[in-house]
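Peer 1: Dumping the structure here so I can ask a few things about it.
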Amino acid sequence: MDYDVFNGDADGIISLVQLRLSDPREAELVTGRKRDINLLDRVQAKAGDRVTVLDISLRSNLKDAQRILDEGASVIYFDHHNAGEGIEHSNLEAHINTAGEICTAVLVDQYLDGAHRAWAVAASFGDNFPAMAERLANGHDLPLEDLKTLGEMANYNGYGASVADLHFHPADLYQEMAGFATPMAFLAEKPDVIGKLTQGYADDFHMAEGSKILTSDENGEIRVLPDAAASRRISGMFGNQLAQQNPDRAHAILTEQKGGFLVSIRAPISSRAGADTLAMQFETGGGRAAAAGINHLKTGDLDRFVGAFREAF
């Protein structure tokens, strides 16, 4: 049996689109919202099974990855998040690069020798790497604005406290895209998908622009969004936008939730470093050097977070 396990954001979804264009196979899809990253605990693979893992931290899935490998399944793993101590196993083929400016779809693009480059460009835009997207697109005569919109809207769709917050379940969004040789073909054939996301994004972003600024100086800014589905959907993309507008400043977007906050952290684009180190100082934190998050920052830890944010950046 085959399992395709992937993050529900643009990077995870589009990485799988690329792989299955080059290596079509029927597989059980295992995914969820962007922050739902402990996905390997849902995989009960056995000897002879093949497991493809895309854009989820090995550090966060270490125990289940080891279990799956020890059961005799083969695993191919593509990721750019903090991998912790990692694993060495004869059944594991790992393509993990935690450099500040790379995403999983680019690792897949490299693995496939650029076979589906336009998809990798869209994913790079979606994962907030516009400069990398433009470098990848150089010489390929691609419609960059269209690919940017696709990547950003697919990424926006992944944010939420539950799948109920999302406009599309990530598995459904993958199925919409799967099989299209290029993102341009997908956009031409299914304009309603991106149209729905674009309208939702505009509405949510307008709300976020009026959010409370908790603290702000030349080094960083922390904003607070209200406890609402719109906030949970827009928090990550709002952080990306602020980071692009202020590349030398770090940002944190705190979304109110019962007993605390959901946190999105963006390191300064000029350095793309420190976000994961900050997040992992807190119990439910994780991510990568350029962008990280805390699934639940307790209200009582808010002052400690503000202090750690200022120290980090």
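The values are calculated or read from the model by the stated rules, or taken from the named source; none is laboratory data. All values derive from a computational prediction rather than experimental measurement. Here the Cβ is made from the backbone with ideal geometry for all residues, glycine too, and neighbour counts use every protein chain on show. We work out accessible area using only protein heavy atoms, side chains counted, and drop any ligands, DNA or RNA first. Shrake-Rupley method; radii C 1.70, N 1.55, O 1.52, S 1.80 Å.
Peer 1: Determine which member of the set His116, His89 is touching a residue at least 24 places away in the same chain (Cβ under 8 Å) and open to solvent by 10 Å² or more (accessible area, probe 1.4 Å).
Peer 2: From the options His116, His89, the qualifying one is His116.
Peer 1: Continuing with this model, one more query. Scan segment 36-57 residue by residue and report those that are touching a Leu at 6+ places or on another chain (Cβ under 8 Å) and either in a loop (DSSP other than H, G, I, E, B) or of a type in the set (Lys, Arg) (or both).
Peer 2: Once the filter is applied, which keeps residues that are touching a Leu at 6+ places or on another chain (Cβ under 8 Å) and either in a loop (DSSP other than H, G, I, E, B) or of a type in the set (Lys, Arg) (or both), segment 36-57 yields only Ile56.
Peer 1: Pairs, please: C-beta under 7 Å, at least 6 apart or cross-chain, first residue surrounded by fewer than 19 Cβ atoms within 10 Å (Cβ to Cβ) and in segment 217-233, second part of a loop (DSSP other than H, G, I, E, B) and of a type in the set (Ser, Thr, Tyr)?
Peer 2: Hits for this filter: Val224/Ser211.
Peer 1: Can you tell which of Ala181, Ala164 is under 26 Å from Leu297 (Cα atoms) and either at pLDDT 95 or above or open to solvent by 30 Å² or more (accessible area, probe 1.4 Å) (or both)?
Peer 2: Ala164
Peer 1: Out of the residues in segment 185-216 that are open to solvent by 70 Å² or more (accessible area, probe 1.4 Å) and touching a strand residue (DSSP E or B) at 6+ places or on another chain (Cβ under 7 Å), state the one that is nearest to Arg266 (Cα to Cα).
Peer 2: Result: Ile213.
Peer 1: Next up: Please identify the pairs in which a residue from segment 53-69 that is in contact (Cβ under 8 Å) with a residue 12 or more places away in the chain has its Cβ atom under 8 Å from the Cβ atom of a residue that is acidic (Asp, Glu) and surrounded by fewer than 18 Cβ atoms within 10 Å (Cβ to Cβ), counting only partners at least 6 apart or on another chain.
Peer 2: Listed by first residue and then by second, the contacts come to Arg59/Glu85; Asn61/Asp41; Leu62/Glu85; Asp64/Asp41.
Peer 1: Need the failing condition index for Ser15 against (1) touching a residue at least 60 places away in the same chain (Cβ under 8 Å); (2) part of a strand (DSSP E or B); (3) of a type in the set (S, T, N, Q), just the number.
Peer 2: (2) is the only condition that Ser15 fails.
Peer 1: Next up: In a loop (DSSP other than H, G, I, E, B) and in contact (Cβ under 8 Å) with a residue 60 or more places away in the chain: does that describe Arg272?
Peer 2: yes
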